[in-house]
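First up is the structure itself, then whatever we jot down about it.
The values are calculated or read from the model by the stated rules, or taken from the named source; none is laboratory data. What you are looking at is a predicted structure, and each value in this text was computed from that prediction instead of being measured. Positions of Cβ are backbone-derived with ideal geometry, glycine not excepted, and every protein chain shown enters the neighbour counts. Each accessible area value is taken on the protein alone, full model and side chains, heavy atoms only, with ligands, DNA and RNA left out. Shrake-Rupley method; radii C 1.70, N 1.55, O 1.52, S 1.80 Å.
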Amino acid sequence: MFKYAAILFGALGLVSSSYAADDATTDTGNELVEMCNDGNYQAQNSAWGDCITFIHGVISGYDTGLTRDITFHYPNETNDEWLKRFYGVRGYCFPDKATREQTALVTSKYLHDHPEKLNKTEAVLVILALVDAWPCGK
């Protein structure tokens, strides 16, 4: 049984690593800037919907990771201490009544204003855009 499990996991590893190698260029800002461009916003097409969905997936994953990390490393903090640490590390704070579409527009503007950074991963660029637009404490 162990032999078959090892073969299965080995095969899955090869498939996933070959997929990653074939798809290595799709996780940079170059693809994100195409998906989150002004033409897609004006058309309100499916690419714009994909842009909004992707950005909010990044935000959700980032916030979940920070929450778990802070809770694990600082389990005895008060709520106020925890929130201060969370927003200090997070780096961005949404303004009142910010919408999902607004976060996509902010990200799109950042991508167009910083073409020199499009080689970075998509998720990093989303966070950089939010920190640039909405830094905490300002």
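Quick notes on this structure:
- Residue ID - farthest from the chain's Cα centre (by Cα), chosen from residues in segment 28-46 that are among the hydrophobic types (A, V, I, L, M, F, W, C) and in a helix (DSSP H, G or I): 43
- Taken over segment 86-122, the criterion of being surrounded by fewer than 12 Cβ atoms within 10 Å (Cβ to Cβ) and in contact with a strand residue (DSSP E or B) (Cβ under 8 Å, 6 or more places away or on another chain) is satisfied by 119 alone.
- From the options 66, 83, residue that is open to solvent by less than 30 Å² (accessible area, probe 1.4 Å) and not small (Gly, Ala, Ser): 66
- Verdict on residue 50 being charged (D, E, K, R) and either farther than 21 Å from residue 132 by Cβ or in contact (Cβ under 8 Å) with a residue 24 or more places away in the chain (or both): yes
- Taken over segment 94-138, the residue count meeting the criterion of being closer than 15 Å to residue 53 by Cα and hydroxyl-bearing (Ser, Thr, Tyr) is 4.
- Cβ-Cβ contacts under 6 Å between residues 6 or more apart (or on different chains), taken from a first residue in segment 99-117 that is polar (S, T, N, Q) to a second residue that is surrounded by 15 or more Cβ atoms within 10 Å (Cβ to Cβ) and part of a helix (DSSP H, G or I), are listed as 103/55; 107/55; 107/126; 107/129.
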